[in-house]
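> Shown below is the structure under consideration.
Every number here is computed from the coordinates shown, using simple stated rules; none is lab data. Not measured: the values here are computed from a predicted model. Cβ coordinates were reconstructed from backbone atoms using ideal geometry, including for glycine residues, and neighbour counts include every protein chain displayed.
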Amino acid sequence: MQFVPQHPVPVFPLPGVVLFPGVELPLHVFELRYRTMVREALSGERVIALALLKPGYESDYHASPEFFPVGCLARFEDVEWLPDDCYDLRLRGLARVRLGRLVREFPYRAVRVEVLGQAPYTEDDPLIQLERRALLDARARLAHLAVPREETPAEAGEGLAFEPLVNTVCMGLALDPTAKLALLEMESVLERARRARETIEEQLRWAERGRRSGGDRN
């Protein structure tokens, strides 16, 4: 059963970070307002919402910079309080959410969230199985290209269910944050997997072109 917050959720807006459900993310929290957020969240439902800051946030960062309306609900899996009163967090994405009405502005923002659904699928669907294998294969080829080995090891993620696998791959893609956010916004996990695989395959084609042109110069 999917977790649905019963209270307004603190928002942690970040530049360049898009979290996906089922994926873990380490974070170091040092700003006073967000240290306060962590302490108060720990006494409540232990959840926050990660949001991506919109371009141009730098001019308003210490006030209330705008963030995109779709983010990821995240639960504190591990919290370490540091001697300098900062925190090291390990978060796990829970669900895609739409960040709605602002109910708190200071010292950090909190909003009502709407948990976003997704298109249904089953793990044993042949289309899901085919896309799963194609995605794992594409990621293995990209990893082998980055770190050539005589033998490619068993691909990490083989034991994951389809959605956590897809979302783990999406988190690891070398993409602009807004492009990652577009993947998060997709209702269909199958379509997200296809888009991620196509991205990897495009990167492989560019790498192959670069290798050929480099060889032509020798």
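> Hey, can you grab everything whose amide H is under 5 Å from the amide H of V17? Only 5+ residues off in sequence or another chain; H modelled, so Pro and N-termini drop out.
The answer is L53.
> Still on this structure, please answer the following. Relative contact order for the chain: what is it in percent, counting Cα pairs under 8 Å that are at least 6 residues apart?
The value is 22 percent.
> What FRET efficiency comes out for the pair D124/E77, r = Cβ-Cβ distance, R0 = 22 Å, nearest 0.05?
0.15
> Same structure again: Starting from segment 34-124, pick out the trypsin sites (Lys or Arg not before Pro) whose DSSP state is loop and whose Cβ has at most 14 other Cβ atoms within 10 Å.
Passing sites in segment 34-124 are R46.
> If you don't mind, another one. Can you tell which of L130, L190, L160 lies farthest toward the positive end of the dipole of the chain, using +1 and -1 charges on the Cβ of basic and acidic side chains (Lys, Arg; Asp, Glu)?
Value computed over the given set: L190.
> Mind checking the dipole of the chain: about its Cα centre, +1 per Lys or Arg Cβ, -1 per Asp or Glu Cβ, Debye to the nearest 20?
Dipole magnitude for the chain comes out near 400 debye.
> Another one. By counting other Cβ atoms within 10 Å of each Cβ, how are W206, W81 ranked from fewest to most? Display every interim value, and only then the final one.
Details: W206 10, W81 13.
In increasing order of surrounding Cβ atoms, one gets W206, W81.
> Right, something else. Most mobile of T168, T122, T178 per a Gaussian network model of the chain (Cα springs, under 10 Å)?
So, out of T168, T122, T178, the one fluctuating most is T122.
> Just need log10 I(q)/I(0) for segment 45-145 at q = 0.14, 0.15 Å⁻¹, Debye formula, equal scatterers on the alpha-carbon atoms, no solvent, rounded to two decimals.
-0.84, -0.91
> Taking the Cβ of R96 as the centre, find all other residues whose Cβ is under 12 Å away and add up their charges (Lys, Arg: +1; Asp, Glu: -1).
Working: positive: R98, R192; negative: E114, E163, E185, E187.
So the environment of R96 carries a net charge of -2.
> Within the chain, what percent of beta bridges assigned by DSSP are antiparallel, to the nearest 5?
Among the beta bridges of the chain, antiparallel pairing accounts for roughly 90 percent.
> Turning to a different aspect of this structure: Tell me the mean residue ellipticity at 222 nm calculated for the chain from its helices only (DSSP H runs of n ≥ 4, each -39500 (n - 2.57), averaged over every residue, nearest 500).
Dividing the helical sum by the residues of the chain leaves -12000 deg cm²/dmol.
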